[in-house]
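Inspection log for the structure reproduced underneath, given as structure tokens.
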Amino acid sequence: MGQRFRGMFSRRDLVEGLLVGVAFLLYFAVRGAVIDRPEIAYRHALDIIDAQRYLGIFVEDDINRWIADRQFLAQTANIVYFWLHFPLIIAFGIYLYYGQRKKYTLMRDAFLLSGAIALVIYWLYPVAPPWALKDLADRFDPGAPSYVTGFFDTMQAYLGYGYQAQSTRAFVNPYAAMPSLHFGWDLLLGIGIVWASWRQPWMWLTLPIGIFLPLSQIPAITATANHFFLDAAAGMAVALLGFPAALALRRWAYPPLIAALERSPWPSLRGWLPADTGESAEVEPKAGVSG
């Protein structure tokens with residue numbers, strides 16, 4: 001059984017799985033740090049509402065109220081929010097890992113590093129999502145206006161899945177509305193899809209998909225009362241920061257790591273580096289010597 005398992009997955013495959021596991025552990029650690037700060041998260045949500053009202057862009061309550069009684073549209077928004085996110089990211093990541101390894105490495109690092117940035121923000125600035133404001137207002141702000149307390153949780157009502165449900169509380173950070181990685185990571189996903197298919201015969205199909213995915217998340221995250229528009233703006237900024245961070249990692253972190261492993265008594269450990277880290281980091285020094 002052990003040999004069969006090793007035959008199915010290489011050492012680097014196992015390291016990729018380890019990276020995902022560590023990412024989840026970090027998420028749960030941050031969740032534990034903010035779960036007991038509901039009043040702070042509520043006050044921060046009010047700050048975002050006030051900022052959007054000042055800018056004249058606070059319409060999430062109207063959008064959510066309008067869609068609440070239109071079950072088909074609400075369910076469509078639910079499906080976009082829930083299914084056109086993590087399932088597609090996982091499927092696309094598997095495709096890149098086995099089909100375009102070097103592009104996978106950069107996209108993986110962009111996702112992980114933008115996620116790390118977001119985790120820091122979640123810990124420093126927890127924000128309650130719109131659907132949670134009514135219950136929090138009952139506890140901390142009984143006189144809150146209706147535009148704060150009137151949000152309707154479409155996912156709980158029509159999809160049968162709510163982030164406040166007891167069955168999902170162990171897996172959800174309830175005060176991680178800012179930044180919205182639902183939008184930010186769908187933006188990365190769209191960029192990755194276009195990049196992976198650029199100048200390919202099927203680009204006519206993937207280009208609209210790559211554009212549609214992030215654009216569809218904007219009405220979905222607001223109509224379902226999961227995020228504010230400023231959450232999406234912050235999600236875009238954090239997600240795009242993942243690219244320069246990933247390039248910096250590729251340029252300045254991987255080559256010294258590989259050199260240290262080659263000088264160590266166990267140079268074979270290089271084979272455990274995730275994805276094509278070793279190969280991709282090795283190309284640039286060679287090019288510099290030849291130039």
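The values are calculated or read from the model by the stated rules, or taken from the named source; none is laboratory data. Every value quoted in this text rests on a predicted model; they were computed, and no experiment measured them. Don't worry about glycine lacking a Cβ; one is built from the backbone with ideal geometry, like all the others, and counts go over all protein chains shown.
Inside segment 221-231, can you point out the residues that are buried (at least 24 other Cβ atoms within 10 Å of the Cβ) and either touching a Lys or Arg at 6+ places or on another chain (Cβ under 6 Å) or part of a helix (DSSP H, G or I) (or both)? Lay out the reasoning, then the answer.
First, the residues of segment 221-231 that are buried (at least 24 other Cβ atoms within 10 Å of the Cβ): 221-228, 231.
Answer for segment 221-231, where residues must be buried (at least 24 other Cβ atoms within 10 Å of the Cβ) and either touching a Lys or Arg at 6+ places or on another chain (Cβ under 6 Å) or part of a helix (DSSP H, G or I) (or both): Ile221, Thr222, Ala223, Asp231.
In segment 236-255 there is no residue that is charged (D, E, K, R), in contact with a strand residue (DSSP E or B) (Cβ under 9 Å, 6 or more places away or on another chain) and surrounded by 16 or more Cβ atoms within 10 Å (Cβ to Cβ).
For segment 199-251, enumerate the residues that are in contact with a Ser or Thr (Cβ under 9 Å, 6 or more places away or on another chain) and aromatic (Phe, Trp, Tyr). Listed by number, the residues that qualify are Phe228, Phe229, Phe243. Taken together, the criteria exclude Leu207 from residues that are touching a residue at least 24 places away in the same chain (Cβ under 8 Å) and part of a helix (DSSP H, G or I).
In segment 49-94, what residues are over 20 Å from the mean Cα position of the chain (by Cα) and among the hydroxyl-bearing types (Ser, Thr, Tyr)? Listed by number, the residues that qualify are Tyr54, Thr76.
So, in segment 195-211, how many residues would count as being in contact with a Gly (Cβ under 8 Å, 6 or more places away or on another chain) and either charged (D, E, K, R) or farther than 20 Å from Thr105 by Cα (or both)? Within segment 195-211, residues that are in contact with a Gly (Cβ under 8 Å, 6 or more places away or on another chain) and either charged (D, E, K, R) or farther than 20 Å from Thr105 by Cα (or both) number 2. Of the helices (runs of 4 or more DSSP H) lying entirely inside segment 92-154, those containing at least 2 residues that are in contact (Cβ under 8 Å) with a residue 40 or more places away in the chain and out of contact with any helix residue (DSSP H, G or I) (no Cβ under 6 Å at 6 or more places or on another chain) span 101-124.
Scanning segment 93-122 for residues being among the aromatic types (Phe, Trp, Tyr) and crowded, with 17+ Cβ neighbours inside 10 Å gives a total of 4.
Taking Ala41 as the residue in question, decide whether it is in contact with a Pro (Cβ under 6 Å, 6 or more places away or on another chain), of a type outside the set (S, T, N, Q) and modelled with pLDDT of 95 or more. I'd like the intermediate steps shown before the answer.
Values: in contact with a Pro (Cβ under 6 Å, 6 or more places away or on another chain): yes; of a type outside the set (S, T, N, Q): yes; modelled with pLDDT of 95 or more: yes.
It is true that Ala41 is in contact with a Pro (Cβ under 6 Å, 6 or more places away or on another chain), of a type outside the set (S, T, N, Q) and modelled with pLDDT of 95 or more.
For segment 46-81, filtering for residues that are of a type in the set (A, V, I, L, M, F, W, C) and not in a helix (DSSP H, G or I) leaves 3.
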